[in-house]
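Structure record follows, encoded as structure tokens.
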Amino acid sequence: MSNSAPSLSLHFSPVLSVEWFIPALAVALILLIFCLWPQKQFHLLRLLGIALLFLILINPSVLEEKRRSINDVAVIVVDKSASQKYGKRTEMTNQALEHLKAEAQKYPELELRIIEAPDGKEEARESLLFRTLDTALSDTPKSLRAGVIFLSDGQIHDVPDNPETMKDYGPVHTLLTGSKNEKDRRIEVINAPAYGVTGQEVTVKYKILDTENIKSNNVSVTLTQHDGQTKTFFVPVGKEQSLSIPIDHAGQNIFTLEVESVENELTLANNKAPLIINGVRDRLKVLLVSGKPHTGTRTWRDLLKSDPGVDLVHFTILREPQKMDFTPQNELSLIAFPIRELFEIKLYDFDLIIFDQYKVNNILPARYFRNIANYVKEGGAFLEVSGDVYADRHSIYHTALKDILPSEPTGEIYDKAFRPDLTDLGYRHPVTRNLVWNNVIAKEDKKPVWGEWIKQIDINVRRGDILMKGVKGKPLLILDRIAKGRVAHISSEHIWLWARGYDGGGPHAELMRRIVHWLMKEPELDEHAMSVSVHKDVITIEKNIFEKDEETIAMTTPNAEFKTITLKKENESSLVMRAKIKAQDMGVYAFEDTHGSRKFALLGDLTAPEFTGIISTEKNMKTIAQETGGKIIWLEDTPKPSLKRTRSQTTMHGGNGWLGLRSNNHQAVTSTKDTPLFPAWFQLLALIVFLPFIWWREGKE
């Protein structure tokens with residue numbers, strides 16, 4: 001604010017109030033006329049006397065006001081939305097902002113306010129700049145607003161429907177970042193189910209959209225599965241497409257759809273769309289084959305039958321076809337084993353096959369064992385629970401199952417009591433770590449107290465992870481991956497002792513449930529599982545500490561840049577490795593570990609207006625500029641526009657290379673001084689001298 005010259009004005013401060021002054025004036029005039037009428041003479045002195053009296057009554061004064069001019073307020077709205085990070089928009093914005101600050105310093109009577117939208121407190125789906133502007137000017141009267149300058153790419157999503165309401169803000173200018181000839185191609189997922197039944201397919205609908213300056217009719221789209229396999233196909237641009245995607249397993253099935261890029265494309269962030277479909281098992285189909293009836297079989301059967309989501313097919317081999325026991329045929333009521341239907345026709349309908357103390361006999365031909373081995377290699381699951389027979393010549397190890405079994409029998413059987421315990425690896429594996437029994441958690445620093453088992457088969461482990469040990473530290477539980485499938489081997493059938501509570505029992509139900517779920521490839525029990533979470537702009541990657549305490553993974557940014565991230569454990573007691581990164585760009589981040597596991601992080605909502613429209617445009621602000629007398633300037637053409645002050649009556653406040661901010665010339669009165677035109681002593685002297693003179697003159701006449 002600055003002071004201005006004092007202002008002088010003449011006004012009246014009547015001694016009498018208006019309601020008394022007007023009647024008094026009327027009475028005086030009537031008396032004057034009454035006195036003059038009979039004589040029909042004009043008495044100047046009487047008229048002057050009355051005029052003097054009323055001049056004193058109305059008390060004319062000189063009012064002196066001291067004023068100061070009030071600064072006008074101009075606002076610069078800086079667009080900080082996600083679309084402003086593409087290309088050189090951020091750089092252009094910062095340079096233009098510094099230039100405008102310097103220009104504004106030329107006008108000391110101008111107050112410049114700089115606001116950012118969104119303010120960074122929360123991630124915005126839209127560029128709501130006008131809402132932020134209203135808040136910033138809520139304390140500024142309309143008469144003090146000089147104008148508004150938007151530093152934006154033009155993708156503003158709350159432009160008022162009625163442009164006339166913006167006249168109160170002064171001229172509204174827009175400095176556009178970006179380029180007039182930007183190119184962008186994006187993939188829009190129209191419909192993608194969140195859930196799908198395992199073993200079936202779901203349909204995803206999508207569309208490829210190009211800007212008008214891209215002249216392409218067909219483009220290639222690549223579908224990448226969670227295991228890294230890819231499929232590429234050509235689709236027309238702008239037309240809705242349908243894609244069938246198989247759901248292989250329960251839990252998250254992760255896919256990505258990616259469209260080929262265009263030369264000089266603005267961003268690659270929206271060329272890729274993640275598809276995360278949760279697989280739900282309709283029914284878990286389990287085939288349990290027991291070599292002979294025993295108590296352990298009942299334990300497995302009870303566990304599987306207790307789950308309503310499990311369809312159990314259970315066969316116990318009680319009698320071989322060639323067995324000669326002189327039983328009359330008409331008295332046999334046993335069901336013939338449907339071997340061809342189970343192990344050839346419907347083998348791949350099962351999710352899990354369990355062999356419980358099965359011994360090789362004349363029932364299953366050798367080719368069926370080869371079918372089972374192939375079934376596992378192609379993604380199936382197999383569990384072997386070994387009894388005495390696994391150690392002799394009738395062991396299934398001597399069949400084609402040898403290719404998938406992780407351990408070889410030595411022929412020795414330990415028929416003695418022992419307490420199962422976890423190996424060092426078992427304390428870290430998700431299947432066996434933190435097993436709880438009698439409120440005791442299985443931890444390395446505190447041994448679990450579990451009941452005894454009384455028999456174990458001696459084996460040599462050829463491959464796989466040994467999670468539990470038994471007699472003399474011999475392997476008791478082994479988990480192994482075979483091609484696409486999984487195999488588990490328990491070298492004792494005496495887990496049923498825990499179920500019976502023998503010697504205090506043990507966590508039989510939880511251990512068996514975890515083994516089955518690991519075989520079913522449940523993500524939460526995967527020892528190599530990687531999890532990715534997003535909070536605001538921070539991405540956190542975690543992995544179980546299993547074989548090592550540190551691991552390097554590959555990261556692909558939304559703009560197809562490759563980086564490496566190192567995961568480390570935070571302290572000695574930690575069971576996970578972790579890394580946190582601050583994301584710079586919005587879009588899809590892909591992570592892949594050394595085991596081929598892939599995860600994705602989505603920063604921002606790719607369906608939000610902030611991502612679907614990223615091309616710089618003047619369309620949204622054109623009507624506002626015309627209605628308020630503002631100007632739209634592309635910074636690529638005029639990187640440093642000048643500022644000028646314009647009169648408020650001007651209809652156009654901008655021109656070639658300059659922006660006008662209106663000058664309102666608003667002032668505030670700081671002090672006033674009221675000086676009577678006739679001092680009191682002068683009024684008193686006039687009455688004392690002039691009135692007696694009139695009386696004397698009238699008397700003489």
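The residue that is modelled with the lowest pLDDT, among those in segment 213-229 that are within 27 Å of the chain's Cα centre (by Cα) and not in a loop (DSSP other than H, G, I, E, B), is THR224.
In segment 594-607, how many are part of a loop (DSSP other than H, G, I, E, B) and either surrounded by 18 or more Cβ atoms within 10 Å (Cβ to Cβ) or of a type outside the set (Asp, Glu) (or both)?
Kept after step one, since they are part of a loop (DSSP other than H, G, I, E, B), are these residues of segment 594-607: 594-597, 604-607.
From what's left, either surrounded by 18 or more Cβ atoms within 10 Å (Cβ to Cβ) or of a type outside the set (Asp, Glu) (or both): 594-597, 604, 606-607.
Within segment 594-607, residues that are part of a loop (DSSP other than H, G, I, E, B) and either surrounded by 18 or more Cβ atoms within 10 Å (Cβ to Cβ) or of a type outside the set (Asp, Glu) (or both) number 7.
For segment 89-114, filtered to residues that are surrounded by fewer than 17 Cβ atoms within 10 Å (Cβ to Cβ) and part of a strand (DSSP E or B), the residue that is nearest to the chain's Cα centre (by Cα) is ILE114. Taking the criterion of being buried (at least 18 other Cβ atoms within 10 Å of the Cβ) and not in a strand (DSSP E or B), the residues of segment 428-457 that qualify are ARG428, HIS429, PRO430, VAL431, THR432, ARG433, LEU435, ALA442, PRO448, TRP450, GLY451, LYS455.
Within segment 579-589, being touching a helix residue (DSSP H, G or I) at 6+ places or on another chain (Cβ under 8 Å) and either without any contact (Cβ under 8 Å) to a residue 24 or more places away in the chain or part of a strand (DSSP E or B) (or both) holds for GLY587, VAL588.
Sort out which residues of segment 496-510 are of a type outside the set (Asp, Glu) and surrounded by fewer than 23 Cβ atoms within 10 Å (Cβ to Cβ), and write them in order of number.
Pass one, segment 496-510, residues of a type outside the set (Asp, Glu): 496-502, 504-509.
Answer for segment 496-510, where residues must be of a type outside the set (Asp, Glu) and surrounded by fewer than 23 Cβ atoms within 10 Å (Cβ to Cβ): TRP496, ALA499, ARG500, GLY501, TYR502, GLY504, GLY505, PRO507, HIS508, ALA509.
Please go through segment 251-268 and pick out each residue that is at positive phi and assigned to a strand (DSSP E or B). Full working, then the answer.
Residues of segment 251-268 that are at positive phi, as a first pass: 251, 264.
GLY251, the sole residue that qualifies.
In segment 630-676, counting only strands (runs of 3 or more DSSP E) that sit wholly within it, the ones holding 3 or more residues that are surrounded by 12 or more Cβ atoms within 10 Å (Cβ to Cβ), touching a strand residue (DSSP E or B) at 6+ places or on another chain (Cβ under 6 Å) and at pLDDT below 90 span 667-676. Applying the criterion of being under 27 Å from ASN434 (Cβ atoms) and surrounded by 15 or more Cβ atoms within 10 Å (Cβ to Cβ) to the residues of segment 579-593, the residue that is modelled with the highest pLDDT is ALA579.
Applying a threshold of 8 Å to beta carbon distances and a minimum spacing of six or more residues, or different chains, the list of pairs starting in segment 364-378 at a residue that is more than 7 Å from PHE343 (Cβ to Cβ) and touching a residue at least 60 places away in the same chain (Cβ under 8 Å) and ending at one that is surrounded by fewer than 20 Cβ atoms within 10 Å (Cβ to Cβ) and basic (Lys, Arg) reads LYS377/LYS484; GLU378/LYS484.
Regarding ASN271, is this residue at pLDDT 85 or above and at positive phi?
Details: at pLDDT 85 or above: yes; at positive phi: no.
No, not satisfied.
Looking only at residues in segment 403-457 that are β-branched (Val, Ile, Thr) and within 28 Å of VAL376 (Cβ to Cβ), the one that is nearest to the chain's Cα centre (by Cα) is VAL431.
Restricting attention to segment 358-407, the residues being surrounded by 22 or more Cβ atoms within 10 Å (Cβ to Cβ) and polar (S, T, N, Q) number 3.
Consider segment 230-250. How many of its residues are assigned to a strand (DSSP E or B) and surrounded by fewer than 19 Cβ atoms within 10 Å (Cβ to Cβ)?
Of the residues in segment 230-250, the ones assigned to a strand (DSSP E or B) are 230-236, 241-246.
Within this subset, residues satisfying the condition of being surrounded by fewer than 19 Cβ atoms within 10 Å (Cβ to Cβ) are 230-236, 241-242, 244, 246.
Qualifying residue count, segment 230-250: 11.
Report yes if some residue within segment 531-553 is of a type in the set (Val, Ile, Thr), farther than 18 Å from LEU603 by Cα and modelled with pLDDT of 85 or more; otherwise report no. Yes, some residue in segment 531-553 is of a type in the set (Val, Ile, Thr), farther than 18 Å from LEU603 by Cα and modelled with pLDDT of 85 or more. Take segment 564-578 and flag every residue that is surrounded by 12 or more Cβ atoms within 10 Å (Cβ to Cβ) and part of a strand (DSSP E or B). ILE565, LEU567, LYS568, LYS569, VAL576, MET577, ARG578 - these are the residues of segment 564-578 that are surrounded by 12 or more Cβ atoms within 10 Å (Cβ to Cβ) and part of a strand (DSSP E or B).
Mind listing just one residue for me: the one in segment 279-295 that is in contact with a Leu (Cβ under 9 Å, 6 or more places away or on another chain) and crowded, with 16+ Cβ neighbours inside 10 Å and, of those, modelled with the lowest pLDDT? Before you say what the answer is, go through the steps one by one.
Taking segment 279-295 and keeping what is in contact with a Leu (Cβ under 9 Å, 6 or more places away or on another chain), we get 284-289, 292-293, 295.
If we keep only those that are crowded, with 16+ Cβ neighbours inside 10 Å as well, we get 284-289.
Numbers: LEU284: 84, LYS285: 89, VAL286: 91, LEU287: 91, LEU288: 91, VAL289: 89.
Selected residue: LEU284.
The values are calculated or read from the model by the stated rules, or taken from the named source; none is laboratory data. This is a predicted model, so every value here is computed, not measured. We place every Cβ from the backbone using ideal geometry, glycine too, and count neighbours over all the protein chains shown.
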